[in-house]
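Q: Provided herewith is a single structure, encoded as structure tokens, for subsequent inquiry.
The values are calculated or read from the model by the stated rules, or taken from the named source; none is laboratory data. Keep in mind that this is a model prediction, so the values were computed, not measured. Please note: Cβ atoms are built from the backbone with ideal geometry, for glycine as well, and neighbour counts cover all protein chains shown.
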Amino acid sequence: MREYNKSFNYFSGLGDGEIARLQKEALTGHRPTWTMGAQGGKRSSPDFAQSRSGRAGYYNRMRDPFNLFGGRANDFHPARERRAKPLEAKALETLGLDAKATGSAIKARYKELVKRHHPDANGGDRGSEDRFRDVLHAYRVLKQAGLC
């Protein structure tokens, strides 16, 4: 039996192409495989690949609201003036700020208005309570938009 096993050739009678295919399929346990990713194996253009490579690509894709990287995100692309969307513009107007307000200016104005219009501080004035709700909503909109 030992001699038979030593002399047995599984690939006898198969062509080179079939042998190569079986060896390739054996790498994955003869199970089908698919390309990974949303593009399904499509190659991206070299310009896109270079813009996404290295540190510049990393900082372009990443927000740094707490300035953990020391402002390095802004080192790789110039500051662009962002146009406020209608809801964001209305929220800025509610806080009494213009479209060029920075995140720290928005937070400072929010804190000021909340202290002024909080129900505990205004003696139960209904108009002030409505204004308080508007300020809270405006800040929530701006926070969700990533402006503060």
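Q: Take GLY96 and decide whether it is modelled with pLDDT under 70 and small (Gly, Ala, Ser).
A: In short, no.
Q: Just to be sure before I move on: is LEU92 in contact (Cβ under 8 Å) with a residue 24 or more places away in the chain, outside any loop (DSSP other than H, G, I, E, B) and in contact with a helix residue (DSSP H, G or I) (Cβ under 9 Å, 6 or more places away or on another chain) in the structure I sent?
A: Answer is yes for this residue.
Q: Report whether or not ALA105 is at pLDDT 90 or above and of a type in the set (A, V, I, L, M).
A: So ALA105 fits the description; yes.
Q: So which residues in the stretch 129-148 are surrounded by 16 or more Cβ atoms within 10 Å (Cβ to Cβ), of a type outside the set (D, E, K, R) and part of a helix (DSSP H, G or I), if there are any at all?
A: Hits for the stretch 129-148 are PHE132, VAL135, ALA138, TYR139, VAL141, LEU142.
Q: Do we find a residue being assigned to a helix (DSSP H, G or I) and either within 30 Å of ARG131 (Cα to Cα) or at pLDDT 80 or above (or both) anywhere in the stretch 62-83?
A: Scanning the stretch 62-83 turns up no residue that is assigned to a helix (DSSP H, G or I) and either within 30 Å of ARG131 (Cα to Cα) or at pLDDT 80 or above (or both).
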